[in-house]
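Peer 1: Quick one: structure below, then a few questions.
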Amino acid sequence: MNLTLGFPDLPEEQGLVRRRDLACALAHFEALSETADAAVRAIRRQPARPGEFVEIPEPVHPRMRQALLARGITRLYCHQAEAFEAVSAGKNVVVVTPTASGKTLCYNLPVLNRLLTEPDLRALYLFPTKALAEDQLQELSAAVETLGAGVRAFTYDGDTPQDARKAIRQRANIVLTNPDMLHTGILPHHTRWAKLFENLRYVVIDELHTYRGVYGSHLCNLLRRMKRICAFYGSSPRFICSSATIANPGELAQALAEAPFDKVERNGAPAGEKFLIFYNPPVVNRPLGIRRSYINEARRIALEFVDRELQTLVFANSRLATEVLVKYLKDACDRRPAGPGIVRGYRGGYLPKERREIERKLRSGDIRAVVATNALELGVDIGSLDAVVMAGYPGTIASTWQRAGRAGRRQKASAAVLVASSAPLDQYIVEHPDYFFERAPEHAYINPDNLEILLAHLKCAAFELPLREGEKFGAHDTAELCRFLEEAGFLHFSGGAWHWTSETYPADAVSLRAVTSDNFVVIDITGEPVVIAEVSFPAALTTLHEKAIYLHEARQYHVERFDYAERKAYVKRVESDYFTDAIDYTQVKILEPFEESGIGEARKLHGEVRVNRQIVGFKKIKFYTLENVGAGDLSMPEQEMHTSAFWLHFPSGFLARFADLTPSQKQSGLAGLGNLLRTIAALLLMCDPHDLGVAFSEDLSAGPVFEPNLYLYDNYPGGIGQSAPLFRMAPRLLREAAELLARCPCEAGCPSCIGPLGETGEGGKEAAGRMLAALNA
């Protein structure tokens, strides 16, 4: 492989040093790939790409043209010009280009250009996170300042001071916000926002690819409500969307806004040379299939980059993994001249001021390494990075490319390393690199007509404006749903319309992202009480239970008290050599099967189920060695969820084929089979594995006979439409699960196939293999 790096834009001495250091690091990976038991499974090079430029279009206002020239922009990338012309022609537009390709100008240019001739015009910018909105405000403010126009742009979110809100409602030409604030703070109070809705010309939706599944289904209904209000005030805004590369951006945009879109996808931005490396930690115990810890390997690789003074971003897939990696890297840097201050963590639970400081120091180069969750996956400007290390496969091809794209911004050469965990999905991807590199990114699907989501937003819509008789909400006739809500005491029919009569505030009861909208605050009581973090409801149950070790910026806190009713956790600073990992118990009850048919001697079904989940205990895991050094019992409130599921029912006759297996071996086989099926299902559905829950339980309707069910359920209330496709794809699901199991070189089961031996039990691999063979016969 040719590792010559082309750096036409790095003439400075520092750039040349970095080029040599990156080349040395890549040469090291190349050497590893040629060993007998190669840990490096693939190195793929993307060559540098020149830009494709066009002249600034004629309709651009002279003042706008001067502002562009003042910022050094003499020509536009071809996709920026194409987007400008489509928006100027009154079309809805979705721009689909990679990370760091100048998508921001695709919407700022037409909006600011129109404001120069229509100063009363209003635009609403929607970003998935507050951090991204704040970052884009800086970009927009710089453009407005250069323009010298009286354009007023402000963020409006939960951090906006109360005394500033009225002025923003009255004066802002451009309001930058997020779907959550639009849902709870703007639409229900639309009378205060009359100027915005009367003059709303453009709605910008950035990072469109993040709006899939539940979040996207909520956003579609949110836009339905917004369009009702716009129609009431006499406006009909156009939509400008931007997205990273996914398989169906146009289809997703049309599904969300329920309107036709023009797609702009020819990327004209230049890009530096990039190397993507797949690294599989070496096997240390072949019979058990145990590999080196992917966390330790990610730490080691990140330190190789940091020691070469290459600015590095490390992605972890959970808050816990993030904090463990921050501690490991800080401990290592503590013994180096630069010190631990060059390493920081970054995740959603950090307070806004802390996150802004980290972003600023990344841009300035004061921080050499940041360990982050997906909070930094989106387009927050963090400057120009040299390397990305991914501790574990992010779950989708699209997310992997998005994370890899965070390095090498501004045409620099860069490297991205994927360090595979022992999870079956990681192992499948890292051992089949062609599957990854030759497969298109995933489709993003939404199900806005999920009854639970639809009813929740219909209540919000009725609160905002009466629902007229015969009025549609999306494609739905609302009469039957309104009658149901009237019987429930929420609506009353009068004067040809349904009016909201309940004393409740419906938007507060609807979370756009989670099962509940309640967050927990973490209060440090080591000294004077101080709030150090905010944690979402589901994460709080597993990380803030009493006796947990809560990790924040590599510091350990012992949870002294978990106040479930008040949504608060009280913690004290401690020095601990272990962290905690919660243990949960899940039970599934069938409510209504929708379809059923035979598959081998078993049955396949899909339908509606109730899932009950409870945190019942925790393990104490030692740092570095990852030994289990203790455990504890917990009694946490049980969480209940109605959702949809696909499941296999195993009649007693099927299990009688395996008379030589003990009951515990059969259970081990079923548990291992569940892990296998979830891995393959995530690949077939092109979804995140966390979107699917797996549970195994006995069918009590069979009486004393043991007839178990194995469930793959949608991990969201109401379901997101994954069970029906799994029902249809069941034969392929089982075939590919059998193939994955047969290829795994372990003897009795391992994390890369059915799961660790200690979790699935003895004889699990053999039992799962025989069951799959019988199902596929």
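The values are calculated or read from the model by the stated rules, or taken from the named source; none is laboratory data. Note that the structure is a prediction, hence the values are computed from the model and not measured. Please note: Cβ atoms are built from the backbone with ideal geometry, for glycine as well, and neighbour counts cover all protein chains shown. Only protein heavy atoms, including side chains, enter the accessible area calculation; ligands, DNA and RNA are left aside. Shrake-Rupley method; radii C 1.70, N 1.55, O 1.52, S 1.80 Å.
Peer 1: Expected output is a single nm value to one decimal: the length gained when fully extending between residue 247 and residue 493, i.e. 0.36 nm times separation in residues minus the C-alpha distance. What is it?
Peer 2: Residue separation times 0.36 nm, minus the Cα-Cα distance, leaves 84.1 nm.
Peer 1: With a 1.4 Å probe and every protein chain left in place, work out the accessible area per residue of the chain in Å², rounded to a whole number.
Peer 2: Accessible area per residue, the chain: 41 Å².
Peer 1: For the chain, go through all pairs of different Cα atoms, get the mean of 1/r, take its inverse, and jot down that Kirkwood value in Å.
Peer 2: About 28.1 Å for the chain.
Peer 1: Please state the relative contact order of the chain as a whole percent: Cα pairs under 8 Å, 6+ residues apart?
Peer 2: Averaging sequence separation for qualifying contacts and normalising by length gives 11 percent for the chain.
Peer 1: Whole-Hz ³J(HN,Hα) for each residue in segment 434-448, computed from phi via Karplus 6.51 cos²θ - 1.76 cosθ + 1.60 with θ = phi - 60°, x for glycine and proline: what do you get?
Peer 2: After applying 6.51 cos²θ - 1.76 cosθ + 1.60, I find 5, 4, 6, 6, 9, 8, 5, x, 5, 7, 10, 10, 10, 9, x Hz.
Peer 1: While we're looking at this one, here's another question. Select from 222, 177, 621 the residue farthest towards the positive end of the dipole of the chain; place +1 on Cβ of Lys and Arg, -1 on Cβ of Asp and Glu, and compute about the Cα centre.
Peer 2: The Cα lying farthest towards the positive end belongs to 177.
Peer 1: Straight-line reach from residue 619: which lysines fall under 22 Å, measuring Cα to Cα and dropping same-chain residues less than 8 apart?
Peer 2: Excluding near neighbours in sequence, the set is 327, 547, 572.
Peer 1: So if we plug the beta-carbon distance of residue 363 and residue 503 into 1/(1 + (r/R0)^6) with R0 = 56 Å, what FRET efficiency do we get, rounded to 0.05?
Peer 2: Approximately 0.70, to the nearest 0.05.
Peer 1: Rank-order 575-585, 604-614 by packing density, defined as the average count of other C-beta atoms within 10 Å over each peptide's residues, highest first.
Peer 2: Averaged packing, sorted descending, gives the order 604-614, 575-585.
Peer 1: Turning to a different aspect of this structure: In whole percent, and with a 1.4 Å probe on the protein chains, what portion of the accessible area of segment 628-758 is carbon and sulfur?
Peer 2: Solvent-exposed carbon and sulfur of segment 628-758 make up 52 percent of the total.
Peer 1: Can you give me the % of accessible surface on segment 140-240 that is carbon or sulfur? Probe 1.4 Å, all protein chains present, nothing else counted.
Peer 2: 47
Peer 1: Could I ask something else about it? Report, to one decimal in Å, the Kirkwood hydrodynamic radius for segment 535-580 based on all distinct Cα pairs.
Peer 2: 10.6
Peer 1: Taking θ = phi - 60°, what integer Hz values does the Karplus form 6.51 cos²θ - 1.76 cosθ + 1.60 yield along segment 255-262, in sequence order, with x for Gly and Pro?
Peer 2: Working through the residues one at a time gives 5, 6, 8, 6, 8, x, 10, 8 Hz.
Peer 1: Within straight cross-link reach of residue 412, meaning Cα distance under 17 Å, which lysines are found once same-chain residues fewer than 8 apart are removed?
Peer 2: 274
Peer 1: Also, I was wondering about something else. Rounded to whole Hz and in sequence order, give me ³J(HN,Hα) for segment 725-732 from the Karplus expression 6.51 cos²θ - 1.76 cosθ + 1.60, θ = phi - 60°, writing x for Gly and Pro.
Peer 2: x, 5, 4, 5, 8, 3, x, 5
Peer 1: Quick one: which residues, 5+ away or cross-chain, put their amide H under 5 Å from the amide H of residue 371? H built at 1.01 Å from N.
Peer 2: Excluding prolines and chain starts, which carry no amide H, the hits are 314, 344, 345, 346.
Peer 1: Arranged from highest to lowest average of other beta-carbon atoms within 10 Å per residue, in what order do the peptides 466-478, 169-181 appear?
Peer 2: So the order, starting with the most tightly packed, is 169-181, 466-478.
Peer 1: Tell me the volume per residue, in Å³, of the convex hull enclosing the alpha carbons of segment 389-469.
Peer 2: Looking at segment 389-469, the number lands at 192 Å³ per residue.
Peer 1: Averaging the inverse of every distinct alpha carbon separation and then flipping it gives the Kirkwood radius. What is it for segment 381-521, in angstrom units?
Peer 2: For segment 381-521, the Kirkwood estimate is 19.5 Å.
Peer 1: Once you have a ≥ b ≥ c as the square roots of the Cα gyration tensor eigenvalues for segment 329-372, tell me rounded if a/c is under 1.5, and otherwise prolate or oblate according to whether a/b is larger than b/c.
Peer 2: Oblate shape, in that a/c is at least 1.5 and b/c is the bigger or equal ratio.
Peer 1: Right, next: Multiplying the sequence separation of residue 145 and residue 266 by 0.36 nm and subtracting their Cα-Cα distance, what value in nm do you get?
Peer 2: Extra length available between residue 145 and residue 266 comes to 40.5 nm.
Peer 1: Is it possible to state the helix-based mean residue ellipticity at 222 nm for the chain, with each DSSP H run of 4+ residues giving -39500 (n - 2.57), the sum divided by total residues, to the nearest 500 deg cm²/dmol? What is it?
Peer 2: Computed mean residue ellipticity for the chain: -11000 deg cm²/dmol.
Peer 1: Pop out the carbon and sulfur fraction of the accessible area of segment 482-587 as a percent, whole number, probe 1.4 Å.
Peer 2: Carbon and sulfur together cover 48 percent of it.
Peer 1: Report the residues of segment 629-669 in range of a label on residue 585: point 7 Å along Cα→C-beta, backbone N strictly under 16 Å from it.
Peer 2: 632-640
Peer 1: Taking the Cα centre of the chain as the origin and placing charges on Cβ (Lys, Arg +1; Asp, Glu -1), which of 718, 276, 328 is farthest toward the positive end of the dipole?
Peer 2: Among 718, 276, 328, the one farthest towards the positive end of the dipole of the chain is 276.
Peer 1: Amide H of residue 207 versus every other amide H placed in the peptide plane: which residues, excluding those fewer than 5 positions away on the same chain, fall under 5 Å?
Peer 2: The answer is 242.
Peer 1: Another one. How many times 2.2 N^0.38 Å is the alpha carbon radius of gyration of segment 241-293?
Peer 2: For segment 241-293, the normalised Cα radius of gyration is 2.09.
Peer 1: Something else about it: Under a 5 Å amide H to amide H cut-off, with H placed in plane at 1.01 Å, what residues pair with residue 720 once short-range neighbours are removed?
Peer 2: Long-range HN contacts for residue 720: 644.
Peer 1: With +1 on each Lys and Arg Cβ and -1 on each Asp and Glu Cβ, and nothing else charged, work out how big the dipole of the chain is about its Cα centre, in Debye to the nearest 20.
Peer 2: Rounded to the nearest 20 debye, it is 1740 debye.
Peer 1: List the lysines whose Cα lies under 24 Å from the Cα of residue 604, skipping any in the same chain that are fewer than 8 positions away.
Peer 2: Leaving aside lysines fewer than 8 places away in the same chain, those within reach of residue 604 are 589, 666, 765.
Peer 1: Set the bar at 20 Å for Cα to Cα. Now go through 166/195; 227/263; 227/459 and name every pair that lies beyond it.
Peer 2: Pairs exceeding the cut-off: 227/263.
Peer 1: Provide the FRET efficiency to the nearest 0.05 for the residue 469-residue 194 pair, computing r from the beta carbons and using R0 = 25 Å.
Peer 2: So, using R0 = 25 Å, E works out to roughly 0.45.
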